[in-house]
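Have a look at the structure below, then the notes.
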Amino acid sequence: EVEVDQDASTRNTTVFPEDYRPEWTQKLDGSLSSGYEYVLTAPLAGDALVEAVYKLYEAPVRVHRTYTGSTHIHINMMDGTSVDALRTLLLIGYAFEPLLYYVGDNTRQWCGYANRLTGAPSEMLESILGATVNASIFRRSTERAGRYYGMNLDALRMSGSVSFRYFPTDHYAEE
């Protein structure tokens, strides 16, 4: 999912992708002041994903990094992923979070849309890590997590995925 917003603070003109690319669906997003969210119409990986990203950025599209725009990477967890695997993913994300911000954009940890897991209330993390080994109970325990962490566990409840929000909107498909 790629969020594209107009940056009113600069003279850079955004040219939004048009809603004619079959791999992508354009949606209004309440978190963007004057932009759109582009979501894959179906999960993709490998060469098919790379091709879809290049199509999204084809000319005349011109996008810019903004405070509100970002790129979210969703990992499907509806394929029988165990609760232990989800816990492990959370712990790995927690341990390597500084690196994820560094690779994505270090300033995102202070933007309010991709907060640090290390800043989450300890009760929230304890309830997630201590949930009984049952996927539905685990999903309910993530409800208090909120969606505005770098690792969005609330997406489990909403879409059956874990969403990584550490990354800004990129200027070009290569990024």
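The values are calculated or read from the model by the stated rules, or taken from the named source; none is laboratory data. The model shown is predicted, which means the values in this text are computed figures rather than measured ones. Using ideal geometry, Cβ is built from the backbone for each residue, glycine included, and neighbour counts are taken over all protein chains shown. Surface accessibility is based on the protein's heavy atoms, side chains included, excluding ligands, DNA and RNA. Shrake-Rupley method; radii C 1.70, N 1.55, O 1.52, S 1.80 Å.
To put it simply, the accessible area of the chain at a 1.4 Å probe is 56 percent carbon and sulfur. Within the listed set 128, 73, 92, the Gaussian network model of the chain (springs between alpha-carbon atoms below 10 Å) gives the highest mean-square fluctuation for 92.
Amide H to amide H under 5 Å from residue 151: which residues, 5+ apart in sequence or cross-chain, H placed 1.01 Å off N in plane? Hits under the 5 Å cutoff: 117, 165. Rounded to the nearest 20, the size of the Cβ-charge dipole of the chain about its Cα centre is 480 debye, with Lys and Arg at +1 and Asp and Glu at -1. Calculated mean residue ellipticity, 222 nm, the chain: -9000 deg cm²/dmol, from DSSP H runs (n ≥ 4) at -39500 (n - 2.57) each, averaged per residue and rounded to 500.
The mean accessible area for residues of the chain, using a 1.4 Å probe and ignoring ligands and nucleic acids, is 55 Å² per residue.
Whole-percent P(r), the chain, all Cα pairs, 5 Å bins from 0: 1, 8, 16, 20, 18, 16, 11, 6, 3, 1, 0. Classified by the C-alpha gyration tensor, the stretch 12-114 has an oblate form. Its axis ratio a/c, with a ≥ b ≥ c, is 1.5 or above, and a/b does not exceed b/c.
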